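Bear in mind that the values in this text are calculations on the coordinates, not laboratory data. Keep in mind it's a predicted model, so treat the numbers as computed, not measured. Reconstructed Cβ throughout: ideal geometry from the backbone, glycine too, with neighbour counts over all protein chains shown.
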Amino acid sequence: MQHIFLIEDDVKLASLIQTFLLKHGYTIDVFNTAEAYRSSEITFMPSLIICDVMLPDGNGFELISQLKEKYSCPVIFLTALDSVQSQIKGLNLGAYDYLVKPIKPELLLAKIKTIIAHTVGQDNFSHQIDILRIDNKKRDIYFHNTALNLNESEFEIIAYLAKNTPQPVSREVLFKHVIGREYDGLDRAIDLKISRLRKKLKEIISEQKETLDIKSVRGKGYSLDISKI
């Protein structure tokens, strides 16, 4: 499941975009001001950032340099500023695209799908950490070149933890990414999935010289661990 940041001061519009994208399988965090984004405790990497230009405490043209310094994902502007000069400025600052409000939700969705697919493609659909290889195109994970044959949620758990290595991912964030809704503090769905996945990993890679495991980090969440036996 792809995760998106939306920095948008129009609360109603942000809510509409969030609801629409959730229905299409994306998870999304909304920040209504630049300060709300800066002060948030982010422990994971987004696949795409959508940023307004005119914010109550700054503007996207100033914020984009901070976004691109911290994240490698594409940033697109979504704004009512429709002048050619503004569009050129946004693109020159490094935005992947510049979209003018109002925009049809279906068009925004098409743009998002295309941009994410294209940028993932530039990375050859894979991400490798030591002896762990993640193939996003085939939706499979290899450990010492052995396919783990995981189901979709198992793939998402390992891929997401690997993406954030060595930083642990909180239960709340992982729950939202894998399950697709906010964690209510009681639902143990993600814990059960991780428990089953741990057992599965032990069975699959029992003959390897290294182990692949999901560690519980007290007070912080989960992290991926590769250790020698």
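Peptides 163-176, 84-97 ranked from most to least packed give 163-176, 84-97, packing being the mean of other C-beta atoms within 10 angstrom over each peptide's residues. For the stretch 126-228, the equivalent ellipsoid derived from the Cα gyration tensor has semi-axes of 22, 14, 13 Å, listed largest first.
For the peptides 180-189, 104-113, 150-159, 20-29, the ranking by mean Cβ contacts within 10 Å, running from highest to lowest, is 150-159, 20-29, 104-113, 180-189. Computed from these coordinates, which is percent of Cα pairs over 27 Å apart: (i) 38; (ii) 46; (iii) 29? Correct label is (i).
Which of rounded, prolate, oblate describes the stretch 3-122, given a ≥ b ≥ c as roots of the alpha-carbon gyration tensor eigenvalues and a/c under 1.5 marking rounded, otherwise prolate only if a/b is larger than b/c? Rounded, since a/c falls under 1.5. Of CYS51, CYS73, the sequence from fewest to most neighbouring Cβ atoms within 10 angstrom is CYS73, CYS51. For the chain, the relative contact order works out to 15 percent when only alpha carbon pairs closer than 8 Å and six or more residues apart are counted.
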